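Single-structure report; data block below.
The values are calculated or read from the model by the stated rules, or taken from the named source; none is laboratory data. Because the structure is a prediction, the values reported are computed rather than measured. As a convention, Cβ positions derive from the backbone with ideal geometry for all residues, glycine included, and neighbour counts pool all protein chains shown. Remember, those area values only see protein heavy atoms, side chains included, never the ligands or the DNA or RNA. Shrake-Rupley method; radii C 1.70, N 1.55, O 1.52, S 1.80 Å.
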Amino acid sequence: MTDTDRQEALSRYRIKIQPGRILIWTLLFIGGIVMITPLLFMFSTSLKPASDVYDLRLIPAHPTLSNYVAVLTSTGFVRWFFNSMLVAVSVTCSNVFFDSLVGYTLAKFRFRGRRFIFLAILSTLMIPTEMLVIPWYLMSANFGWLDTYWGIMFPGMMTGFGTFLMRQFFEGVPDDFMEAARVDGMNEFVIWWKIAMPLVAPALSALAIFTFLGNWTAFFWPLIVTTSSELYTLPVGLSSFAVEAAIQWEMIMTGAALATIPTLLVFLLFQRYIVRGVMLAGVKG
Amino acid sequence: MASITLEKLVKRYDKVEAVHGIDLEIADGEFVVLVGPSGCGKSTTLRMIAGLEEISGGELRIGDEIVNERAPKQRNIAMVFQNYAIYPHMTVRENIGFGLYTSSLSKDEKNARIEETGRILGLTDYLDRRPAALSGGQRQRVAIGRAMVRNPSAFLFDEPLSNLDAQLRAQMRIEIKKLHQDLKTTTVYVTHDQIEAMTMADRIVVMKDGYILQTGTPVDLYENPADVFTARFIGTPSMNMIPMAALAGKAGLPDHDPDILVGVRPHDLIVNAPKEGAILTISGQVEACEPLGPETMVHMRVDGEPVIATLPGNVAPPVGSIVECSVETGKLYLFDAKTEKGLGRK
Ligand SMILES: Nc1ncnc2c1ncn2[C@@H]1O[C@H](COP(=O)(O)OP(=O)(O)O)[C@@H](O)[C@H]1O
Ligand SMILES: [Mg+2]
């Protein structure tokens, strides 16, 4: 094939593909707009004075940072932020540790009742949170966990989903790695921690991101279990702007805007590990 | 260093028995190769020695001690796996050093050992690389390094070269063999490749279906195979097996027992050889030729049976032509057709 032939063929190819491309780009563009608009309005509203909140222009007419000052100084925001951070970080660490410990055991050890335990864990995935809230509440009430940090955290300290996810990933780790370490004299805990865990780093990153985000934005259960405002998590605290007097949209939006910062940080931090982890997994043996 | 003794060693998986009570004595410092087709129980046997697989029956001794119930780490053996099992998240130095994880050596001593091991294996320039940046042969060397660094009483290898290309495999064979000559550590090496077995072993153990068929030096197995399986398994191309019936009237053989298989190695069956001193001369129709340079392998049919013979030099007879070939006295292997046991040579 000569060069001109090839170019002709290529250009024909391009022309042919274009309608599909246009459609795809259009759909993606619409999807992007739909997703980003609320976010833009959130930032925009946070920069508007209270009187302009219902002025729905995207660019604030009278931009101001006074909402940020107000949220940070005259509300419980800092405390709530701390609470949310404490809860989300604790629950995330707990999940990364325990879900992978159990997942590893289920994937790599053969023992009586292994299948049953796995199925039992799987079956918890099929129960919606709404149904669990009442038992959780009764449990908290009986144990005196209402309105405590532990009360907010305990339902999420280990999850069926996380355990399932980690088990699936550990299944994919060749036994040779573990056996080599075993022959070299490592004990089982060291094998798990030093060999198996680094090999599933991508899964751990994903689990950490999802758990952190889930707990950072959790609203329903923290709302039910907390009564004193010192224990509010950020979403519960922000929602209180809507009940105390009137709905203070500019305050809610400012708080929400601030609340996105850790989310972005967590993602940027762990995203690197996901990419690196995937590259590691590509190494043969 | 230590000897390893297997006595009536049995492995059962649920109801299936994979290894049927095998006996084997491996002397201190010996290089023993377990060879056999895939699924014959080589890995299972090796893993029982390593302690990775529970022993269902019999006795395993390392040195003078019975180790049936000991955990792998209490046996002081090192193992190299087929897919290397080197840890991708650690550098070469860390990988090799991991073999010393439980050792009580000081940091400096450990480092010295790692450097020394790296030097022996030609990995000095790669110590700070990660496995992803190494070639297959280098990765396998790292795995060997991790095993070596501990100074174990025995090395176990499970098909360590089967992921490498042919050229590298040939090179690594020599390297492992040399390493053994330097270290003199008892070694059990598993492979399904008879060339590896022949070139590396002090002693070969031929396994099939969970039994040991024959044990002996490479030359011993080549010269005196105990049965049809070993005879055909050792040596390439495989030994020709011709039913005595197909040779009726052609050969100078004294007896024509139909229950006998006649084995001839292709390298002993020479096309157009002088007939004096020959015990058997047969002719067949050429089906294909493989010129290898110094010799040509001639595939032909003798009375319907496929037979491979050697033609010295690289002139190939035309396909379809009839050629005559003969075997010297003493180069025929006789086997019982029913039991497939060897009946000696003629
Ligand atoms: N975990 C297991 N469960 C059941 N059967 C097994 C297991 N591992 C190996 N076997 C069986 O034991 C036999 C020997 O296997 P193996 O020792 O791996 O053979 P190879 O000689 O190829 O290394 C095979 O028939 C295999 O199917
Ligand atoms: Mg095997």
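The table below lists the values:
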read-out: Breaking point among (1) assigned to a strand (DSSP E or B); (2) open to solvent by 80 Å² or more (accessible area, probe 1.4 Å); (3) of a type outside the set (A, V, I, L, M); (4) in contact (Cβ under 8 Å) with a residue 60 or more places away in the chain, for B:GLU287; value: (4)
read-out: Scan of the range B:149-176 for residues that are open to solvent by less than 20 Å² (accessible area, probe 1.4 Å) and either outside the structural domain of B:HIS192 (by TED's automatic domain parsing) or among the aliphatic types (A, V, I, L, M) (or both), ordered by number; value: B:VAL149, B:ALA154, B:LEU156, B:LEU161, B:LEU164, B:MET172, B:ILE176
read-out: In the range B:17-30, the residues that are within 16 Å of B:LYS208 (Cβ to Cβ) and more than 16 Å from ligand 2 (Cβ to nearest atom); value: B:GLU17, B:HIS20, B:GLY21, B:ASP23, B:LEU24
read-out: Selection count where residues are within 16 Å of ligand 1 (Cβ to nearest atom) and farther than 15 Å from B:ILE26 by Cα, scope the range B:177-212; value: 11
read-out: Listing of helices (runs of 4 or more DSSP H) fully contained in the range A:121-199 that carry 2 or more residues being within 14 Å of another protein chain (Cβ to nearest Cβ); value: A:175-183
read-out: Count of residues meeting criterion [under 16 Å from B:VAL190 (Cα atoms) and touching a residue at least 60 places away in the same chain (Cβ under 8 Å)] in the range B:24-33; value: 6
read-out: Some residue of the range B:309-317 being closer than 24 Å to B:ALA245 by Cβ and touching a helix residue (DSSP H, G or I) at 6+ places or on another chain (Cβ under 9 Å); value: yes
read-out: Cβ pairs under 7 Å, 6+ apart, first in the range B:193-206 and open to solvent by less than 20 Å² (accessible area, probe 1.4 Å), second polar (S, T, N, Q); value: B:ALA197/B:THR191; B:VAL205/B:THR215; B:VAL206/B:GLN214; B:VAL206/B:THR230
read-out: Any hit, the range B:119-139, residues being of a type in the set (Ser, Thr, Tyr) and in a loop (DSSP other than H, G, I, E, B); value: yes
read-out: Residue within the range B:52-64 that is outside any loop (DSSP other than H, G, I, E, B), away from ligand 2 (no atom under 16 Å from the Cβ) and of a type in the set (Val, Ile, Thr) present; value: yes
read-out: Condition met for B:LEU134 (over 30 Å from B:ASP23 (Cα atoms), free of Cβ contacts under 8 Å to residues at least 24 places away in the same chain and within 14 Å of chain A (Cβ to nearest Cβ)); value: no
read-out: The range A:235-252, residues that are assigned to a helix (DSSP H, G or I) and more than 20 Å from A:THR129 (Cα to Cα); value: A:GLY237, A:LEU238, A:SER239, A:SER240, A:TRP249, A:GLU250, A:MET251, A:ILE252
read-out: Output for the range B:262-284, where each listed residue is assigned to a loop (DSSP other than H, G, I, E, B) and open to solvent by less than 10 Å² (accessible area, probe 1.4 Å); value: B:ARG265, B:LEU269
read-out: Condition met for B:GLU65 (acidic (Asp, Glu), at pLDDT 95 or above and away from ligand 1 (no atom under 14 Å from the Cβ)); value: no
read-out: Count of residues meeting criterion [without any contact (Cβ under 8 Å) to a residue 40 or more places away in the chain and part of a helix (DSSP H, G or I)] in the range A:53-69; value: 2
read-out: Residue in the range A:168-177 that is more than 30 Å from B:GLY99 (Cβ to Cβ), loosely packed, with under 15 Cβ neighbours inside 10 Å and among the acidic types (Asp, Glu) present; value: no
read-out: Close pairs from the range B:36-49: first more than 17 Å from B:THR215 (Cβ to Cβ) and near ligand 2 (Cβ under 9 Å from one of its atoms), partner small (Gly, Ala, Ser) and open to solvent by less than 10 Å² (accessible area, probe 1.4 Å), Cβ under 9 Å, at least 6 apart; value: B:THR44/B:GLY210
read-out: Qualifying residue in the range B:207-229 (condition: assigned to a helix (DSSP H, G or I), basic (Lys, Arg) and closer than 25 Å to B:ALA50 by Cα); value: no
read-out: Index of the failed condition, A:PRO155 passing every other in (1) open to solvent by less than 50 Å² (accessible area, probe 1.4 Å); (2) in contact with a Gly (Cβ under 7 Å, 6 or more places away or on another chain); value: (2)
read-out: Selection status of A:LEU65, closer than 20 Å to A:LEU258 by Cβ and open to solvent by 90 Å² or more (accessible area, probe 1.4 Å); value: yes
read-out: The range B:154-167 residues that are within 14 Å of A:GLU179 (Cβ to Cβ) and within 16 Å of ligand 2 (Cβ to nearest atom), paired with ones that are modelled with pLDDT of 90 or more and in a loop (DSSP other than H, G, I, E, B) (beta carbon under 6 Å, 6 or more apart); value: B:ASP158/B:PHE81
read-out: Subset tally (residues that are within 7 Å of chain A (Cβ to nearest Cβ) and either over 20 Å from B:ASP158 (Cβ atoms) or more than 24 Å from the chain's Cα centre (by Cα) (or both)) for the range B:56-85; value: 2
read-out: Scope the range B:13-43; condition open to solvent by 30 Å² or more (accessible area, probe 1.4 Å), within 14 Å of ligand 1 (Cβ to nearest atom) and closer than 30 Å to B:GLU175 by Cβ; matching residues; value: B:PRO37, B:SER38, B:GLY39, B:SER43
read-out: Residues that are part of a loop (DSSP other than H, G, I, E, B) and not hydroxyl-bearing (Ser, Thr, Tyr), drawn from the range B:96-118; value: B:GLY99, B:LEU100, B:LEU105
